[in-house]
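For reference, the structure discussed in these notes is given below.
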Amino acid sequence: MLKENLFQVEERIRAACARCGRSPEEVTLIAVSKTKPVSMIEEIYKEGIRNFGENKPQELRDKYDLLPQDIRWHMIGHLQKNKIKYVIGRACMIHSVDSAELAAAIDSQAAKNNVIMPVLAEVNMAGEDTKFGLRPEDVMSFVRTVSELKNIRLSGLMTIAPYVENPEENRIHFRNLRKLSIDIRNKNIDNIFMSELSMGMTNDYEVAIEEGATIIRVGTGIFGERDYSSTETHSI
Ligand SMILES: *Cc1c(COP(=O)(O)O)cnc(C)c1O
């Protein structure tokens with residue numbers, strides 16, 4: 001069942017790439033496995049998927065410890081400073097850096113572990129009150145601050161678009177995120193690399209690919225609907 005879902009997503013990625021003249025190799029699919037058990041991750045792993053996304057630091061840690069070492073874990077959810085320690089050394093990338101304070105805290109934890117942590121700046125393109133993320137107009141000053149940090153590598157930008165009925169409504173946000181990354185790249189700031197655009201989820205990843213996404217984050221489309229009915233942290 002999951003295998004069929006995955007094949008369908010991969011087929012739609014290929015079709016979206018074909019429509020805009022991109023190679024599917026330019027698009028990394030992250031299977032967003034939050035709330036889903038290890039057994040389901042193993043099923044998708046068997047099909048060759050190596051990038052998985054989690055939004056809770058402890059859940060990422062627990063799954064990291066139980067699953068094959070060649071999985072690339074992506075931290076995609078809001079991160080509190082006191083939980084950075086669970087993620088450094090386990091996640092290959094933090095997608096959700098949305099303040100200079102958080103960046104500084106990641107930098108110092110990364111320095112302690114003697115690693116350089118690849119991160120993305122999360123930008124709230126639609127200005128939704130309910131979402132985390134930098135305001136677009138604040139991104140440039142954020143970038144300049146982060147360029148001073150030695151143990152962080154800012155690799156690009158990330159956004160979570162609004163939930164909309166028609167994914168075309170989100171095209172403008174994806175397009176604007178790409179423009180922002182090009183503006184930043186053109187400034188040639190030390191230690192800033194704008195090679196990644198993490199945008200597009202189950203509902204809108206094809207539009208995101210057409211607008212230049214290099215990373216898409218697909219949960220429901222692969223694993224099915226999530227069950228949030230349990231109030232406890234999810235069992236793994
Ligand atoms: C849950 C989540 C996703 C995946 O959402 P789906 O709609 O299930 O594909 C992607 N990105 C982030 C940041 C998420 O929290």
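Read-outs throughout are calculated quantities, based only on the coordinates presented, and are distinct from any laboratory measurement. Note that this is a predicted model, so its numbers are computed, not measured. Cβ atoms come from the backbone with ideal geometry, glycine included; neighbour counts cover every protein chain shown.
Each residue in the stretch 11-34 was checked for being closer than 18 Å to residue 74 by Cβ and within 16 Å of the ligand (Cβ to nearest atom), and 9 pass. Do you know which of the residues in the stretch 80-102 that are of a type in the set (S, T, N, Q) and touching a strand residue (DSSP E or B) at 6+ places or on another chain (Cβ under 9 Å) is nearest to the ligand (Cβ to nearest atom)? Among them, the one singled out is 96.
Taking the condition of a type outside the set (D, E, K, R) and within 26 Å of residue 209 (Cα to Cα), does residue 139 pass? When the stated conditions are applied, residue 139 passes them.
Conditions tested, residue by residue: (1) free of Cβ contacts under 8 Å to residues at least 40 places away in the same chain; (2) touching a helix residue (DSSP H, G or I) at 6+ places or on another chain (Cβ under 6 Å); (3) basic (Lys, Arg); (4) farther than 24 Å from residue 91 by Cβ.
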| position | (1), (2), (3), (4) |
| --- | --- |
| 131 | yes, no, yes, no |
| 147 | no, no, no, no |
| 153 | no, no, yes, no |
| 157 | no, yes, no, no |
| 161 | no, yes, no, no |
| 173 | no, no, no, yes |
| 181 | yes, no, no, no |
| 202 | yes, yes, no, no |
| 216 | no, yes, no, no |
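Quick grid of which residues meet (1) away from the ligand (no atom under 14 Å from the Cβ); (2) part of a helix (DSSP H, G or I); (3) touching a residue at least 40 places away in the same chain (Cβ under 8 Å); (4) surrounded by fewer than 19 Cβ atoms within 10 Å (Cβ to Cβ):
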| residue | (1), (2), (3), (4) |
| --- | --- |
| 36 | no, no, yes, no |
| 41 | yes, yes, no, no |
| 58 | yes, yes, yes, yes |
| 74 | no, no, yes, no |
| 78 | no, no, yes, yes |
| 104 | yes, yes, yes, yes |
| 107 | yes, yes, yes, no |
| 111 | yes, yes, yes, yes |
| 115 | yes, no, no, yes |
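Of the strands (runs of 3 or more DSSP E) lying entirely inside the stretch 131-234, those containing at least 1 residues that are away from the ligand (no atom under 12 Å from the Cβ) span 152-158, 192-198.
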